[in-house]
Amino acid sequence: MARQRTGADVFFDDVYAFLRAAPWWMGPILALFVWLLSAVVVPHVVSTHDADPLAVPSNNIIVIISRGVAPFLTGAIVVIWLVTLIHQLRDAASFDRQANIHSVRKLSWQEFEWLLAEAFRRQGYAVRETARGADGGVDLILDKDRATTLVQAKQWKGNVGVRVVRELLGVRVARRADHAMLVTSGGFTRDAIAFATKNDICLIDKTTLMPWIQSIQSEHDAASIPI
C-alpha cells in the first residue's frame, strides 16, 4: 500500500518542481522572499491593527507563528534548492556520458526520464517531471513559446504498440495540451506509427534518439525535435 502524501511531501514536490524549472539563482531569491514575508511583512501588517502601529505586538499569536516558521521555511527552501543543484549536476553528467543507444538502454527507467528532461532543458524548455504513474502515464510536461507538450518515456528494448499511443492521445485531448510525444529506446509497431502520424503525435525511437542527443551534446546546430 502506497504511503499517503503529507503536507511536507506536497511542499517539497511543489518547491522542487518550481526550482527545477527556474534558473539556478531563483533558489536564494525565493528563500529571501519567504523569510521577508514571514519574519517582516506579516508581523508589520499585524502591527497596523495595534494601537501603536510602530510596535509589533510580540505576544500576538500570528506574529509568534509567522516568526517561528520563518527560519524553518527558509531553511527548507535552501535545502530543496541545493538538492535541485545536485540533481542538475547529476543529470548533466549522465547526459554527457551517453555515447550510443547501448549506453542509453543500460539506464533505469527513471534515469531515462532524467536524460530526456535534461535534453529538453538544454533546448530551452521549462520541464516539469511528474510523479510515477500520475497524469495518465505522462512523465514530462514541457512548456515553451506558450505551448505545452506532454512526453511519455518508454525505456523498452522491444516495440511500443498502438495501445500506448492511443492512450497518450486521450491524455493530450483531456488535458488540452498542444502537442504529445512518445520517446522510446526501442521501436514502434507499424500500427503505432500509422496512428501517431494520423493524430499528430511525435514518435522518437532508437534510430532518431541518439542522433538527437548527440546533436545537443555537441552544442552546435542542435537538432530540435519536430513537435
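Of the trypsin sites (Lys or Arg not before Pro) found in the range 152-189, the ones in coil according to DSSP and having at most 14 other Cβ atoms within 10 Å of their Cβ are LYS157, ARG176.
Normalised by 2.2 N^0.38 Å, where N is the number of residues, the alpha-carbon radius of gyration of the chain equals 1.29. The phi torsions of the range 164-178, fed into the Karplus equation with coefficients 6.51, -1.76 and 1.60 and a -60° offset, translate into couplings of 5, 5, 5, 5, 5, 4, x, 5, 4, 5, 5, 8, 6, 6, 7 Hz, rounded to whole numbers, with Gly and Pro shown as x.
Total lysine pairs in the chain at Cα distances under 19 Å, for residues eight or more apart or on different chains: 5.
Once Lys and Arg get +1 and Asp and Glu get -1 on their Cβ, which of GLN123, TRP156, ALA99 lies farthest toward the positive end of the dipole of the chain? So the residue furthest toward the plus end is TRP156. If R0 equals 22 Å, the separation of the Cβ atoms of ALA22 and HIS44 corresponds to a calculated FRET efficiency of about 0.20. Net charge dipole, the chain: roughly 800 debye, given to the nearest 20, about the Cα centre with Cβ charges of +1 for Lys and Arg and -1 for Asp and Glu.
Please calculate how many Å² of accessible area the range 75-227 carries per residue, with a 1.4 Å probe and no DNA, RNA or ligand atoms counted.
Accessible area per residue, the range 75-227: 51 Å².
The phi-based Karplus calculation (6.51 cos²θ - 1.76 cosθ + 1.60; θ = phi - 60°) puts the 3J(HN,Hα) values of the range 78-94 at 4, 5, 4, 4, 5, 4, 5, 5, 4, 5, 5, 5, 4, 5, 5, 5, 5 Hz, whole numbers, x for Gly and Pro. Summary: within the chain, the longest segment free of chymotrypsin sites (Phe, Trp or Tyr not before Pro) located in DSSP loops with at most 16 other C-beta atoms within 10 Å is 26-227. Beta bridges from DSSP with both residues in the range 75-227: antiparallel share about 45 percent, rounded to the nearest 5. For VAL160, nonlocal amide neighbours, meaning residues 5 or more places apart or on other chains whose placed amide H falls under 5 Å from its own, are GLY187, PHE188, THR189.
The values are calculated or read from the model by the stated rules, or taken from the named source; none is laboratory data. From a predicted model like this one, the values you see are computed outputs, not experimental measurements. Please note: Cβ atoms are built from the backbone with ideal geometry, for glycine as well, and neighbour counts cover all protein chains shown. What goes into the accessible areas is simple: the full protein's heavy atoms, side chains included, and nothing from ligands, DNA or RNA. Shrake-Rupley method; radii C 1.70, N 1.55, O 1.52, S 1.80 Å.
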